[in-house]
1. Tell me which aspartates and glutamates have Cα within less than 17 Å of LYS404's Cα, excluding those fewer than 8 residues away on the same chain?
2. Please enumerate, by chain and number, the aspartates and glutamates with C-alpha under 16 Å from the C-alpha of LYS95, excluding those fewer than 8 residues away in the same chain.
3. If we sort 173-185, 66-78, 95-107, 229-241 on the protection proxy, mean other Cβ atoms within 10 Å, highest first, what's the order?
4. Would you mind checking the pairs LYS377/LYS425; LYS111/LYS425; LYS253/LYS282 and listing those with alpha carbons more than 30 angstrom apart?
5. Within a Cβ distance under 12 Å of ARG261, other residues only, what is the Lys/Arg minus Asp/Glu net charge?
6. Local charge sum around GLN349 (other residues, Cβ-Cβ under 15 Å, Lys/Arg +1, Asp/Glu -1)?
7. Hey, got the dipole for segment 277-427? About the Cα centre, +1 on K and R Cβ, -1 on D and E Cβ, debye to the nearest 20?
8. Restricting attention to segment 276-369, which trypsin sites (Lys or Arg not before Pro) occupy a DSSP loop and are surrounded by at most 16 other Cβ atoms within 10 Å?
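Every number here is computed from the coordinates shown, using simple stated rules; none is lab data. The structure presented is a predicted model; accordingly, all values stated were derived computationally and were not measured. In this analysis, Cβ positions are derived from the backbone assuming ideal geometry, glycine residues included, and neighbour counts consider all displayed protein chains.
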Amino acid sequence: MSIPIVLIYTNFGGFYLLLFLLPVFFGIYSFRETFATRVENKELSTLYALTQQISTSLELTRILEQMADQINEVLESRGTCVHLLEGSRILLSPKVTRGDVPNSLAREFKKGELPIGRLLEDKAPLCNPPGALDGFTILAVPLATDQEATGIITTIRDASQPYMKDHLEFLTIVASQASAYIQNARLFEETTRAHRELKETQGQLVQSSKMAAVGQLAAGIAHEIKNPLGAILNSAQLLEFSVSDADDVEAVKFIQEGVGRCRDIIDNLLRYSRQDFAPGEKLSLGAILADTVRLVEHSFTTDGIRIGMEVADLPPVLGNQSEMYQIFTNLLTNARDAISMKGRPGAIQVRGSLEGNLVLLEFSDDGAGIRPEDIPKVFDPFFTTKDIGKGVGLGLSIVAGIVKRMGGTISVRSAPGEGATFSLKIPVAPSRGV
């Protein structure tokens with residue numbers, strides 16, 4: 001108080017100056033308090049709105065976009081980016097970018113990589129770090145729960161507008177709310193995906209059961225048809241001796257050839273469907289493969305698909321004959337379907353050779369090929385790239401299981417548009433019988 005008193009008594013003009021400045025000082029103070037209150041109210045309103053949005057939706061991307069927009073508005077930022085840890089737990093991928101975010105920030109960061117990748121290890125926010133991003137000042141806060149870190153929120157301004165302590169506190173509160181929400185949203189997504197896969201699996205199992213029932217019915221019908229075909233064939237053979245006209249003889253022979261072809265198809269079908277073979281009998285893969293090709297060759301040729309075979313004289317293997325028919329039929333059918341996807345005629349090449357004490361069989365096609373990301377999954381149960389109704393994804397899984405039980409291996413080489421080659425390696429049967 002000494003200064004105003006001196007002003008009053010030593011300088012009469014100073015008294016009026018003081019009277020003038022005091023309202024100005026009080027006005028500035030009042031304005032600052034009012035402005036701070038308005039900012040605080042705005043932040044509280046934003047946090048309330050964010051809480052409402054989180055409680056009414058589990059759409060992760062949409063909520064993160066709204067959150068980033070609100071951060072830009074409250075903190076007057078140029079842009080905000082939300083990075084989330086992906087499945088590898090090593091890469092931070094930009095999930096959401098809002099506003100003017102430079103490419104140097106809206107990219108993937110490895111865990112520990114500057115400027116923001118270190119936050120996951122340090123678990124401490126970044127506020128105006130020097131030189132972190134050219135031309136910008138940064139405010140970054142980790143998204144973390146008690147269990148683990150899930151990502152990072154980063155917001156930016158021009159370098160001439162540094163962030164303040166209040167801004168950091170606001171963004172920390174937002175990150176805390178967002179972390180719990182992200183965890184809940186991901187759990188919801190995983191549960192939804194698991195439920196969807198379960199429903200698909202149930203449907204595929206029902207379809208598989210229907211197919212098995214149809215297969216049994218077809219085997220029964222084939223068995224019933226075989227007897228009438230035998231009678232027709234015998235009658236045609238007798239008829240051959242009672243006709244003399246060359247055209248009639250040719251017609252009778254045509255009947256015999258047709259009936260013989262039907263009989264061979266039915267024999268192969270019955271052999272394929274039988275389940276009474278000992279699991280450890282010696283098998284000739286070349287003979288079984290030839291039978292399988294004869295069974296499917298006509299329908300494949302009708303579709304414009306040619307089957308070529310280069311199979312050496314192979315030693316026997318131990319296995320179940322019915323299961324070997326199943327393996328070969330599945331591989332040939334998959335090759336046909338892959339060629340059909342390209343919408344043009346094609347070819348399947350089957351090669352058989354001896355590789356040490358292993359029989360090597362390769363089924364190659366010039367079909368559509370397999371995408372690199374799908375190759376590790378082709379032998380998984382219920383995985384299929386075919387259209388709905390054209391496959392349930394069990395064929396290759398069953399093949400892999402049978403080959404594994406025989407002590408062998410199956411693998412695939414492929415590239416999109418360049419066909420595929422499935423390779424089977426099956427141990428040769430011991431020289432002594434089982």
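1. The reachable aspartates and glutamates, counting only those whose Cα sits under 17 Å from LYS404, are GLU281, GLU323, GLU362, ASP380.
2. In chain and number order, the partners are GLU59, GLU65, ASP69, GLU86, GLU108, GLU189.
3. Values: 173-185: 18.7, 66-78: 20.2, 95-107: 16.5, 229-241: 13.8.
Packing order, densest peptide first, comes out as 66-78, 173-185, 95-107, 229-241.
4. Working: LYS377/LYS425 20 Å; LYS111/LYS425 42 Å; LYS253/LYS282 37 Å.
Over 30 Å Cα-Cα: LYS111/LYS425; LYS253/LYS282.
5. Details: positive: ARG263, ARG294; negative: GLU257, ASP264, ASP267, GLU297.
Around ARG261, the charge tally is -2.
6. Working: positive: ARG306, ARG336, ARG351, ARG413; negative: GLU297, GLU310, GLU362, ASP365, ASP366, GLU418.
Summing Lys and Arg as +1 and Asp and Glu as -1 gives -2.
7. Values: 15 positive and 17 negative charges, 33 e Å.
For segment 277-427, the charge dipole is close to 160 debye.
8. On the way: sites: LYS282, ARG294, ARG306, ARG336, LYS342, ARG351; in loops: LYS342.
Hits after loop and neighbour filter: LYS342.
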